[in-house]
Amino acid sequence: MTNFKRRGAAALAVVLLAAPVTGGQTVPARDTLRFFGTWRLVSDTQTGMMIYDSLGNMAAQVMPNRARRKYAAAEPTPEEAKDAITGYLAYFGTYSVDEQGRIITHHR
């Protein structure tokens, strides 16, 4: 590979890696300053974690509450593996807070 092609590939990699960072919010939203942090979801049916930062970015992971199964072999079968991840939910994006309505909206 020539030096020109290497430099072009390196420049493209830098642009692609920087793109998600430059698209994020950089100024805190007024209504997010008191809300940011890590929150644990507590429920009879689900457990999870939600993370909110002061710039309005968020991430969530939620899993149904259920007993952990023991597999007959060292590795689960395809059916057992599918059952283990069914119901798992994870996403990220931004969020907004409606303090009057007491509503948090996730923008995935």
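Each reported figure results from applying straightforward, stated rules to the coordinates on display, with no laboratory input. All figures in this text were calculated on a predicted structure; none of them were measured in a lab. We place every Cβ from the backbone using ideal geometry, glycine too, and count neighbours over all the protein chains shown.
Applying 1/(1 + (r/R0)^6) with r as the Cβ-Cβ distance of residue 86 and residue 55 and R0 = 35 angstrom yields a FRET efficiency of 0.60. In nm, to one decimal, how far is the residue 39 label point from the residue 98 one, both placed 7 Å along Cα→Cβ? So the two model labels end up 1.5 nm from each other.
Magnitude of the Cβ-charge dipole of the stretch 26-107, K/R +1 and D/E -1, about the Cα centre, nearest 20 debye? Don't skip to the answer; put the middle values down first.
Working: 9 positive and 9 negative charges, 42 e Å.
Approximately 200 debye in magnitude.
Here's the picture: charge each Lys and Arg Cβ at +1 and each Asp and Glu Cβ at -1 in the stretch 26-107, and of 93, 56, 72 the one pushed furthest to the positive end of that dipole is 72.
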